[in-house]
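Only one structure is covered here, and it is reproduced in the block below.
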């Protein structure tokens, strides 16, 4: 199933389940990603702004979550200044199949797709690029007081435009963590998402062959959020990656965000 059909199917599923959702949320945000000096020196990456639309819903059946990012929105559609414009979409689904000892067992799946104009991999230039990661496996939903952790484990399938085609690319495991709290009478929240890829296949390793452990990659972010009023959320995130994002070096950045809730 190609990307458009996959996302369309998930969109239709979201529309059909919205009426049965116990909760739902949606927001738009403006964000600025500031790479560390070491990261820009090692990888040549540039700081950038991005706009994001985000939403989710959940109920007894499970939950759906997704976002769409427009990176470097000020870049044009042609010429050299369009090179850094990128589009990123992620959709995550969890379906509650059963419970074991009161712990839910979920069917888990996600699609992550990023694409843009221009790119260089292993010295080869590409006029356009895209990479899509698909994961299908199992997950659960654990709560310890206010702390909520949602782990998953699945088979990783990858598709890209860098001459490697598509196919099995090992496994992925990870989690999403949420911890809401109050400080000085203000609503705050700590969140984290983390993904670990392992047993990556030779044809997908590419630029990572020179790394210490090219078959394993780490990717994630940890954030502190403040909700001064119901409609507005501000936050600061620490973004990190190792053996990921086209580089064998450890990469890190700070992301500044302002969200508007509908």
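Of all residues in the range 79-88 being in contact with a strand residue (DSSP E or B) (Cβ under 9 Å, 6 or more places away or on another chain) and modelled with pLDDT under 95, which is farthest from residue 245 (Cα to Cα)?
It comes out as 80.
Of (1) in contact (Cβ under 8 Å) with a residue 60 or more places away in the chain; (2) closer than 22 Å to residue 44 by Cα; (3) assigned to a strand (DSSP E or B), residue 259 satisfies all except one. Which?
Every condition holds for residue 259 apart from (2).
Quick check, is residue 68 in a strand (DSSP E or B), at pLDDT below 95 and out of contact with any helix residue (DSSP H, G or I) (no Cβ under 7 Å at 6 or more places or on another chain)?
no
Can you name every residue in the range 6-44 that is modelled with pLDDT under 90, in contact with a strand residue (DSSP E or B) (Cβ under 6 Å, 6 or more places away or on another chain) and surrounded by 15 or more Cβ atoms within 10 Å (Cβ to Cβ)?
Selection gives 6, 10, 14, 21, 43.
Restricting to the range 175-204, name every residue that is at positive phi and in contact (Cβ under 8 Å) with a residue 24 or more places away in the chain.
Selection gives 199 alone.
Can you give me the ranges of the strands (runs of 3 or more DSSP E) entirely in the range 89-168 with at least 2 residues that are under 21 Å from the mean Cα position of the chain (by Cα) and at pLDDT below 95?
103-121, 124-139, 147-160
Considering only the range 191-205, how many residues are surrounded by fewer than 17 Cβ atoms within 10 Å (Cβ to Cβ) and at pLDDT below 95?
So the answer is 3.
Looking at (1) in contact with a strand residue (DSSP E or B) (Cβ under 8 Å, 6 or more places away or on another chain); (2) surrounded by fewer than 17 Cβ atoms within 10 Å (Cβ to Cβ); (3) modelled with pLDDT of 95 or more, which is the only condition residue 229 fails?
(1)
What is the residue count in the range 232-244 for residues that are surrounded by 17 or more Cβ atoms within 10 Å (Cβ to Cβ), without any contact (Cβ under 8 Å) to a residue 60 or more places away in the chain and either part of a strand (DSSP E or B) or out of contact with any helix residue (DSSP H, G or I) (no Cβ under 6 Å at 6 or more places or on another chain) (or both)? Step through it out loud before you land on a result.
Here is the first cut: in the range 232-244, the residues surrounded by 17 or more Cβ atoms within 10 Å (Cβ to Cβ) are 233, 235, 237, 239-244.
Checking the rest, the ones that are also without any contact (Cβ under 8 Å) to a residue 60 or more places away in the chain come to 235, 237, 240-244.
Checking which are either part of a strand (DSSP E or B) or out of contact with any helix residue (DSSP H, G or I) (no Cβ under 6 Å at 6 or more places or on another chain) (or both) leaves us with 235, 237, 240-242, 244.
The qualifying residues number 6.
The values are calculated or read from the model by the stated rules, or taken from the named source; none is laboratory data. Everything numeric in this text was worked out from a predicted model, so none of it was measured. For neighbour counting, all protein chains shown are included, and Cβ atoms are generated from backbone atoms with ideal geometry for every residue, glycine included.
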